[in-house]
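Before any comments, here is the structure.
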Amino acid sequence: MESAPHRQIRALYDDDTIAVYQAYSPEIAVPALAAQTFVAPFGFSRMTWIKPSFLWMAYRSGWATKPGQTRVLRIHLKRPGFEWALAHSTLSHYDPAHHTTEETWRTDLAASPVRIQWDPEQTLSLKPQPTVRSIQIGLAPQAVTHYVNDWITRIEDVTSVMHHIHTLTKSDPTAAQAALPDERPYPLPPPLATHIGATLTPPAQTR
């Protein structure tokens, strides 16, 4: 992981979908699993954050032990919807290397339905990696409507997987590492990567 680009989306994905994670109380998770999308009492009127990184979700939820975060959901999204969110996003913090002026950034942020944060990726011991960032995507109500109604293809409960890997970290870290989801670099067109502040990487060399 140390050799990964500074800012890169790494995710479990296939040709059609990409997986993200959220953690909730059973009161929200159980109805969502039954409906295979989010329904009341899920909050439709406030920002919700999705994360492609399993380990970042482990960190955020304390391995699914924190109050209100005891059920970890893996949500499979249509890739066009996920990329719509990226294309309509603004970085949540001002970056003079990325924005023309702070005033322009504030204007964009106020109008944007999606916010992007790059936070330190985590290790199995939930220690931040200072040189590797993991993406978090904040969906404002306008984007939440698309998320719930248009993008979700499947929701699965991976709480037991998270607990199992947590147990392995204490007894067999090698097995814990092997049990992690196969998160690979997600392919982004260069303009979209630039828009979200991702690290541009050179194309693979062909033999």
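Structure values in brief
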read-out: Residues M162, M57, M47, sorted so that the one with the fewest Cβ neighbours within 10 Å comes first; value: M47, M162, M57
read-out: Rough spin-label spacing in nm, given labels placed 7 Å along Cα→Cβ, for D172 and T65; value: 2.1
read-out: Fewest-first ranking of W151, W105, using other Cβ atoms within 10 Å as the exposure measure; value: W105, W151
read-out: Exposure proxy order (Cβ contacts within 10 Å, fewest to most) of T169, T65; value: T65, T169
read-out: Alpha-carbon Debye profile of region 109-155, log10 I(q)/I(0) at 0.18, 0.20, 0.21 Å⁻¹; value: -0.71, -0.77, -0.79
read-out: Proximal lysines relative to K51, as straight alpha-carbon distance under 19 Å, when same-chain residues fewer than 8 apart are discounted; value: K66, K78, K127
read-out: Length added when fully stretched, Y94-L200, from 0.36 nm per residue minus Cα-Cα; value: 36.2 nm
read-out: Region 48-131: Cα Rg divided by the 2.2 N^0.38 Å rule of thumb; value: 1.29
read-out: Inter-part distance where region 9-62 and region 137-207 are each reduced to a Cα centre, Å; value: 11
read-out: Rounded to the nearest 20 debye, dipole of region 10-195 from Cβ charges on Lys, Arg, Asp, Glu; value: 400
read-out: Calculated FRET efficiency for the pair D182/D15, C-beta based, R₀ 22 Å, to 0.05; value: 0.90
read-out: Separation between Cα centres of region 67-90 and region 100-135, rounded to whole Å; value: 15
read-out: Rg/Rh for region 10-195, where both radii come from Cα atoms and Rh is the Kirkwood radius; value: 0.97
read-out: Qualifying trypsin sites (Lys or Arg not before Pro) for region 78-184 [loop in DSSP, other Cβ within 10 Å: at most 16]; value: none
read-out: Where only alpha carbons of region 1-95 are counted, the Rg and the Dmax (Å); value: 14.4, 42
read-out: Computed helical MRE - 222 nm, the chain, DSSP H runs ≥ 4 contributing -39500 (n - 2.57), nearest 500; value: -9000 deg cm²/dmol
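Values quoted throughout were computed directly from the atomic coordinates according to the rules given, and no laboratory measurement underlies them. Predicted, not measured: the structure shown is a model, and the values here were computed from it. Every residue, glycine as well, gets a Cβ built from its backbone with ideal geometry; the counts of neighbours run over all protein chains shown.
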